[in-house]
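Q: Structure below; questions to follow.
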Amino acid sequence: MHEIDMTKALILTVKDWYESQPEKPKIEKIHLTVGQFTCVEPLGLQFAFEAQTRNTFLAGVELVIKDVPLIAFCHSCQQEYKPEIGLQYSCPDCKSPMNDIRYGRELKIDRLEYSAINNQHLSISN
Amino acid sequence: MHQTFDAAIELNLLHANQEGADHNRQHFDKWGITCLNIMSSPGAGKTVLLEQTLKALKAKLNIAVIEGDMTTQLDADRLRKYNVPVIPINTGRSCHLDSKMVAGGIHILEHQYQPQNLDLVLVENVGNLVCPAEFEVGEHGKVALLSVTEGEDKPLKYPVMFREADCLLITKTDLAPYLDIDLDRITFNIKQINPQVTIIPLSAKTGEGLETWLDWVQSVICIPSGTKAKHKEQQKETKI
Ligand SMILES: Nc1nc2c(ncn2[C@@H]2O[C@H](COP(=O)(O)OP(=O)(O)OP(=O)(O)O)[C@@H](O)[C@H]2O)c(=O)[nH]1
Ligand SMILES: [Mg+2]
Ligand SMILES: [Zn+2]
Ligand SMILES: [Zn+2]
Ligand SMILES: [Zn+2]
């Protein structure tokens, strides 16, 4: 469900960028980073994105999602470890609880890939 | 020739919600209100907790409730009996409250009540253990409830909520003897995800933990002039 909201936010952000461009370029790919320690399902995002961009300036644009695993840092052992989501979050070596999360909380729009449009007769709706 | 370019965006997907939440928090801060976001899966006991909190604290503190549950009128009606402002939010089919919805509630507070007289706003979120924790609404603290009937493994399965909580209430402890459940195990599972969280076992039926919860609420309230909450903390410390 909330993937729909997230997608709305994504589309608005991209639209802002698009409208700030003097020559409306053709957006080809949107790169996202989605951590595994979030409530977002990459598949759900893909699905919502496709549904919500139909017949808009983003129709057919590819959503490239980089899945980032959860990585925590143990202060006692001074090392990173990979908790097993759903099973075990404490340090496998010393059993300290999960204090610092290094990676896995990301929910980010990284960058856009676009190409310039040379054909002046091409009109862009939306 | 097909040449592609890159444009860096570097923006959080929740950016707009976050900005809205910061805006809401500014309103609360201006009025001297502490806001707590109450979250749990459906039926863990949020409304009962609010009822007992209102009953115990409404003489001491000025409290309002923003009621975001989908069965909204039912819960709101239960809470109106305590003669405090109860603002229902129509969440539609959303699985969480977001900062925009709560802004609507704040708007009503501003125009129909005197928010500067309030100390505490309790927000009952939509019953859902997954995403409400990701959508800040402008709260100063997050309270999560987990009832003993839900099982020991829920913190492991829905870790984000348990990671984000400032206070975790293990509710319905009166039912524990009838279930094959180990309270220590629940606590252990929560602590491995969030070692900082305050855990309070609670029963609305027997009253177990209620005083501890009420103390916690009062300890997080920032009363600009008075130091009620701080005073309480000191009392506790000197006892130990
Ligand atoms: N035995 C027992 N029952 C409880 C306790 N707390 C709540 N309940 C019962 O659990 C049920 C759900 O409680 P609510 O307070 O409505 O739960 P909620 O989290 O507000 O539910 P939703 O708003 O629908 O998500 C009610 O029937 C309560 O009487 C408790 O401590 N012990
Ligand atoms: Mg309720
Ligand atoms: Zn949601
Ligand atoms: Zn370790
Ligand atoms: Zn405002």
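Q: Which of the following residues is within 16 Å of ligand 3 (Cβ to nearest atom), of a type in the set (Gly, Ala, Ser), outside any strand (DSSP E or B) and open to solvent by less than 30 Å² (accessible area, probe 1.4 Å): B:Gly138, B:Gly127?
A: Sole residue among the options that is within 16 Å of ligand 3 (Cβ to nearest atom), of a type in the set (Gly, Ala, Ser), outside any strand (DSSP E or B) and open to solvent by less than 30 Å² (accessible area, probe 1.4 Å): B:Gly127.
Q: Restricting attention to strands (runs of 3 or more DSSP E) lying wholly within segment B:1-113, give those where 3 or more residues are out of contact with any His (no Cβ under 8 Å at 6 or more places or on another chain) and within 16 Å of ligand 3 (Cβ to nearest atom).
A: Here the list reads B:34-40.
Q: Take the residues in segment A:89-108 that are surrounded by 15 or more Cβ atoms within 10 Å (Cβ to Cβ) and more than 24 Å from B:Phe135 (Cβ to Cβ); name whichever of them is nearest to ligand 5 (Cβ to nearest atom).
A: The residue in question is A:Asn99.
Q: For segment B:61-81, does any single residue satisfy the condition of being without any contact (Cβ under 8 Å) to a residue 24 or more places away in the chain, of a type in the set (D, E, K, R), exposed (fewer than 14 other Cβ atoms within 10 Å of the Cβ) and on the phi > 0 side of the Ramachandran plot?
A: Within segment B:61-81, none of the residues are without any contact (Cβ under 8 Å) to a residue 24 or more places away in the chain, of a type in the set (D, E, K, R), exposed (fewer than 14 other Cβ atoms within 10 Å of the Cβ) and on the phi > 0 side of the Ramachandran plot.
Q: Shifting gears a bit: State whether one or more residues within segment B:37-46 are modelled with pLDDT of 90 or more, in contact with a Leu (Cβ under 9 Å, 6 or more places away or on another chain) and more than 13 Å from ligand 1 (Cβ to nearest atom).
A: yes
Q: Quick check on segment B:82-124: of everything there that is of a type in the set (Asp, Glu) and away from ligand 5 (no atom under 16 Å from the Cβ), which residue is surrounded by the most Cβ atoms within 10 Å (Cβ to Cβ)?
A: B:Glu124
Q: Let me ask something additional. Mind checking which residues of segment B:137-165 are among the β-branched types (Val, Ile, Thr) and within 13 Å of chain A (Cβ to nearest Cβ)?
A: Within segment B:137-165, B:Val160 is the sole residue that qualifies.
Q: Can I ask one more? Is it the case that some residue within segment B:157-173 is buried (at least 24 other Cβ atoms within 10 Å of the Cβ), touching a residue at least 40 places away in the same chain (Cβ under 8 Å) and within 16 Å of ligand 5 (Cβ to nearest atom)?
A: No, segment B:157-173 contains no residue that is buried (at least 24 other Cβ atoms within 10 Å of the Cβ), touching a residue at least 40 places away in the same chain (Cβ under 8 Å) and within 16 Å of ligand 5 (Cβ to nearest atom).
Q: Condition test on A:Lys29, is it outside any loop (DSSP other than H, G, I, E, B), surrounded by fewer than 16 Cβ atoms within 10 Å (Cβ to Cβ) and within 12 Å of another protein chain (Cβ to nearest Cβ)?
A: For A:Lys29, the condition - outside any loop (DSSP other than H, G, I, E, B), surrounded by fewer than 16 Cβ atoms within 10 Å (Cβ to Cβ) and within 12 Å of another protein chain (Cβ to nearest Cβ) - is met.
Q: Output the qualifying pairs, or none if there are none: Cβ atoms under 9 angstrom, residues six or more apart or on different chains, first residue in segment B:194-222 and within 14 Å of chain A (Cβ to nearest Cβ), second residue basic (Lys, Arg) and within 16 Å of ligand 4 (Cβ to nearest atom).
A: B:Val197/B:Lys191; B:Ile199/B:Lys191
Q: Answer with yes or no whether A:Glu50 is acidic (Asp, Glu) and in the same structural domain as A:Leu112 (by TED's automatic domain parsing).
A: Judged against the criteria, A:Glu50 is a match.
Q: Continuing with the same structure: Of the residues in segment A:52-79, how many are over 23 Å from B:Pro155 (Cα atoms), open to solvent by 50 Å² or more (accessible area, probe 1.4 Å) and not in a loop (DSSP other than H, G, I, E, B)?
A: 4
Q: Continuing with this model, one more query. Which residue is nearest to the chain's Cα centre (by Cα), if the candidates are limited to segment B:29-44 and must be buried (at least 22 other Cβ atoms within 10 Å of the Cβ) and not aliphatic (A, V, I, L, M)?
A: B:Asn37
Q: Of all the residues that make up segment A:32-51, how many are closer than 21 Å to A:Tyr103 by Cα and either among the charged types (D, E, K, R) or assigned to a loop (DSSP other than H, G, I, E, B) (or both)?
A: 6
Q: Something else: Going by the structure shown, is A:Asp5 not hydroxyl-bearing (Ser, Thr, Tyr) and not in a loop (DSSP other than H, G, I, E, B)?
A: It is true that A:Asp5 is not hydroxyl-bearing (Ser, Thr, Tyr) and not in a loop (DSSP other than H, G, I, E, B).
The values are calculated or read from the model by the stated rules, or taken from the named source; none is laboratory data. Only a predicted model underlies this, so the values are computations on that prediction, with no experimental measurement involved. Quick reminder, even Gly has a Cβ in these numbers, built from the backbone with ideal geometry, and neighbours come from all protein chains shown. All accessible areas refer to the heavy atoms of the entire protein, side chains included, with ligands and DNA or RNA removed. Shrake-Rupley method; radii C 1.70, N 1.55, O 1.52, S 1.80 Å.
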